[in-house]
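Everything below concerns the one structure shown next.
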Amino acid sequence: MENKAEPPPSLLLRYLPILAWLPKYERVWLRTDLIAGLTVVALLIPEGMAYAQIAGMPPQTAFYAAPIGLLAFAIFGTSRQLVVAVSAIIATMSFATVSLIAAPDTSEFIILTAALAVLAGLISILAGFLKLGRVAQFFSESVMVGFITGLALVVMVKQIPKLLGIEGGSGNFWERLYEIIIHLPETHLATLITGVLCLILLIALEHYFHKIPAALVALVFGILISVMFGLEARGVEIVGAIPAGLAPPKWPAVGLQNWLLLLPGAVGLALVNFAEAIGPSRSFASAHKYKIDANQELIGLGSANFGAGLFQGFPIGSSLSKSAANDRAGAHSQMSGIIAAAITVVVALFFTQFFYALPEAALGAIVIVAVTGMVKVAKIRHLYRVRRADFVLALVALLAVLTFETLEALLIAVIVSLFALVLRASQPRLAVLGRAPKSLQFSDIRRHPENITT
């Protein structure tokens, strides 16, 4: 019987980058990769539980999604410093998609969220195999700035009720803001004090002691004051019991109709996920003098989401803050992600009981500070001063997110991006070049009228 020919090594190396970097791994890198992995976990655990709630999922699902995401991207991704785990933006989009199909806090919602992660992952993997890695170039950077800023503001307004101890309401940004204003007299004092103290602590650490993992310190602080002052008995909402352990792999059997209903949101998730990740990936690669493969990054992101959904988690994505922390801590390779995954598993197995008394207000404060960096006010101001047309694009995307459902806003953002692309293609910039006096250099005579035309 004739044996099948094995795939050429180059093909294996292309689709399994770990086979390329792991044999070349140097033992001297282990120390800094270990420090980087610990640094990532210090941010990941508090943010993971908070972002799980943004996605409408129980806090423990962060411990299901994050380790498999980190591990999968370490195996299939080409960026050495990018951290693919929990993301506030992706969690927000996940909730917006699934809440249209099922009511939050139900078993149906949980399984549909896992299915969304699987579907978004499969779409990204397929896009990678089809070599669609250049698709992000057609998504206007200005539109992306407005879209992400809008989503960050939506995330913030959803967390404010946690700081005040009031009902959160529903609807778009403006409707939620109105609900907060009319319920202000119902503010729970102990919850407000807890939330404000955590906010002050987070902001102070971020500004003056930025090497300290502020989110982890705020988490520990919240637990300590909760236990010391009996905040649960005083009416402050706490996280409560988090089941220890990991979920077994399970295919989310949701039926063909639900798969079809999830499809638009899954496509949107895959698109935004890649658009968010490819910029930092290229920046890290440029800074550390190595190359990334955009198509393989799609496969890495897709594998991370597919795994997160298969292990009953929620959609995940790249995190700029955790990736930057990973880089600053000295990560040499994807090994830091593998280490972070292993530590997260240990926490999930043995230490979840310590989070019982964690106030919800502390998680709200952690989220608000975490997404503040996504509000690109300075960038939007720069666009206003320098490129008014791009400013308008950013503003349209921003207002779309604040006013409409997330998926509708994404559709508007895509349409605006395509419009901008067509407009620029139909109006190419023309310049008449002139030679600079006593020089062989040429430049635009509108900027340099002293130049000589020939």
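Observations, loosely collected:
- Counting only alpha carbon atoms, the long axis of helix 141-164 and the longest principal axis of the chain meet at about 10°.
- Likely footprinting exposure, S333, S10, fewest C-beta neighbours within 10 Å first: S10, S333
- Pairs of Cα atoms nearer than 8 Å and 6+ residues apart set the relative contact order; for the chain it is 33 percent.
- Sorted fewest first by neighbouring Cβ atoms within 10 angstrom, D327, D105, D33 come out as D105, D327, D33.
- Full-stretch length increase - R134, E108 - with 0.36 nm per residue and alpha-carbon distance subtracted: 5.8 nm
- Angle between the chain longest axis and helix 107-129 axis [Cα atoms, degrees, rounded to 10]: 20
- Three-way shape call for segment 44-129 based on the alpha-carbon gyration tensor, with the a/c threshold at 1.5: oblate
- Convex hull volume per residue for segment 257-385, taking Cα atoms only, in Å³: 184
- Label-point separation, F419 to V227 (7 Å along Cα→Cβ), nm: 5.6
- Ordering 116-127, 199-210, 388-399, 296-307 by mean Cβ neighbour count within 10 Å, with the highest value first, yields 296-307, 116-127, 388-399, 199-210.
- Placing R0 at 22 angstrom, the Cβ-Cβ distance between V346 and A241 gives a FRET efficiency of 0.70 after rounding to 0.05.
- Cα centroid of segment 204-238 to Cα centroid of segment 307-386, whole Å: 17
- Cα gyration tensor category, rounded, prolate or oblate, for segment 193-334 with a/c compared to 1.5: oblate
- Violating pairs (Cα-Cα greater than 28 angstrom) within the set K131/K291; K291/K322; K131/K289; K211/K250; K131/K211: K211/K250; K131/K211
- Partners of K24 within straight-line reach, counting aspartates and glutamates whose Cα lies under 20 Å from its Cα and excluding those fewer than 8 residues away in the same chain: D33, D293, D327.
- Helix-derived mean residue ellipticity, 222 nm - over the chain, DSSP H n ≥ 4, -39500 (n - 2.57), to 500: -21000 deg cm²/dmol
- Rounded, prolate or oblate (a/c below 1.5 giving rounded, otherwise prolate when a/b exceeds b/c) for segment 9-423 by Cα gyration tensor: rounded
- Pairwise label distance in nanometres, Q353 with W251, each label 7 Å out on the Cα-Cβ vector: 3.8
- Its Cα centre serving as origin, segment 9-423 has a Cβ charge dipole (Lys and Arg +1, Asp and Glu -1) of approximately 1480 debye.
- Normalised convex hull volume, segment 121-161, alpha-carbon set, Å³ per residue: 69
Just so you know, all these numbers are worked out from the coordinates, no wet-lab data involved. Keep in mind the model is a prediction, meaning the values are calculated, not measured. Ideal geometry is used to build each Cβ from the backbone, glycine not excepted, and the neighbour counts take in all protein chains shown.
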